[in-house]
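Just below is one structure, and these are the notes that go with it.
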Amino acid sequence: MRSLFIFLGATGFAVLIFVIGNWYGQPFVARQFVLKRLNRPSGIARISGKLSRRRLSTTKRDQQLDRLSWLSDLLDSTARNLRLGKSMAASLQSAAAQGAIGEPVFTELVAATTRGESFADATKRLMSNALVSEVVFALRTINLAATGGVGGVFALERAAIVLRERSTHINDRRMQAAQAMLSTKVLSWAPVGVAGWLIVTSTSVRNFLILSASGWLCVLLGVGFNFAGRRWMQKIVAPAAT
């Protein structure tokens, strides 16, 4: 029986190491391989700098919400200025002056169109520098609205509505996932608390878990599977930024 227990425990521990290794080892090895092929310095030397920047910046999801907010405001303000009879360049310049621009791409767009560059050429050139789908969507809408006509105003207004709806959907996903995330935290910490309480209050449990190899194997398996289950549930439940 003891041999069977050790065999099953060792097998479970090997499976756990394999799963966690795939989560962390494979992306790390792939990243180092790409950096080596590109003759770039290893990413390990930049970990401390990245961590400090992450502490100073907001989360990626919050940045996306902020981007959606000011983009929709920019498009709405541009549409209002067009309805007042201004040109597209003047409308975009007035809209940018009314609020802070959150992307350097739009600062360059305002500067280029103010100098007389056409919207078609400016947006085509700047789309290659835009790495976010919302920014590309806004640039395409502005390019369409610059062709003239009443349809351009409607396109800007509709694009602003689409961006606000996307922001609302992100907030809805976060709200709906909050309860599941709380349940995940409770279910992952509850076994740790129970195990700690049993170790403190029960001599037999303490002797088995601390003074025997089988006990240490149980502890390692419990902690490992608890961590793996927590990460798995986070990947399933947590709303990803889109």
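The values are calculated or read from the model by the stated rules, or taken from the named source; none is laboratory data. Keep in mind it's a predicted model, so treat the numbers as computed, not measured. FYI the Cβ positions are ideal-geometry reconstructions off the backbone, even for glycines, and counts take in every protein chain you see.
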Any chance R173 is of a type in the set (K, R), farther than 30 Å from V219 by Cβ and more than 19 Å from the chain's Cα centre (by Cα): no
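Does F227 satisfy the criteria of being loosely packed, with under 14 Cβ neighbours inside 10 Å and within 24 Å of R67 (Cβ to Cβ)? Outline the logic, then answer.
Working: loosely packed, with under 14 Cβ neighbours inside 10 Å: yes; within 24 Å of R67 (Cβ to Cβ): no.
Criteria not met by F227.
Restricting the search to region 179-221, which residues are under 21 Å from Q234 (Cβ atoms) and of a type in the set (S, T, N, Q)? Step through it out loud before you land on a result.
Initial filter on region 179-221 (under 21 Å from Q234 (Cβ atoms)): 179-193, 221.
Q179, S183, T184, S188 - these are the residues of region 179-221 that are under 21 Å from Q234 (Cβ atoms) and of a type in the set (S, T, N, Q).
Could you tell me whether any residue of region 113-126 is surrounded by 17 or more Cβ atoms within 10 Å (Cβ to Cβ) and over 26 Å from W70 (Cβ atoms)? Step through it out loud before you land on a result.
The initial filter retains those residues of region 113-126 that are surrounded by 17 or more Cβ atoms within 10 Å (Cβ to Cβ), namely 113, 119, 122-123, 126.
Still in the running and over 26 Å from W70 (Cβ atoms): none.
Among the residues of region 113-126, not one is surrounded by 17 or more Cβ atoms within 10 Å (Cβ to Cβ) and over 26 Å from W70 (Cβ atoms), which makes the answer no.
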Subset of region 86-111 (residues that are over 30 Å from the mean Cα position of the chain (by Cα), assigned to a helix (DSSP H, G or I) and closer than 22 Å to V153 by Cβ): M88, A89, A90, S91, Q93, S94
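For A178, state whether it is surrounded by fewer than 19 Cβ atoms within 10 Å (Cβ to Cβ), at pLDDT below 80 and assigned to a helix (DSSP H, G or I). Explain how you work it out, then say what you get.
Numbers: surrounded by fewer than 19 Cβ atoms within 10 Å (Cβ to Cβ): yes; at pLDDT below 80: yes; assigned to a helix (DSSP H, G or I): yes.
Yes.
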Failed item, numbered, when R206 is tested on (1) charged (D, E, K, R); (2) over 30 Å from the mean Cα position of the chain (by Cα); (3) within 30 Å of A90 (Cα to Cα): (3)
Exclusive hit being part of a helix (DSSP H, G or I) and either surrounded by 15 or more Cβ atoms within 10 Å (Cβ to Cβ) or within 18 Å of the chain's Cα centre (by Cα) (or both), set A160, A130: A160
Qualifying residue in region 144-155 (condition: assigned to a helix (DSSP H, G or I), in contact (Cβ under 8 Å) with a residue 24 or more places away in the chain and closer than 25 Å to Q63 by Cα): no
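State whether one or more residues within region 139-157 are touching a Phe, Trp or Tyr at 6+ places or on another chain (Cβ under 6 Å) and within 30 Å of A89 (Cβ to Cβ). Spell out the reasoning first.
Quick first cut of region 139-157, residues touching a Phe, Trp or Tyr at 6+ places or on another chain (Cβ under 6 Å) only: 143, 146.
Among the residues that remain, those that are also within 30 Å of A89 (Cβ to Cβ) are: 143, 146.
Scanning region 139-157 turns up at least one residue that is touching a Phe, Trp or Tyr at 6+ places or on another chain (Cβ under 6 Å) and within 30 Å of A89 (Cβ to Cβ).
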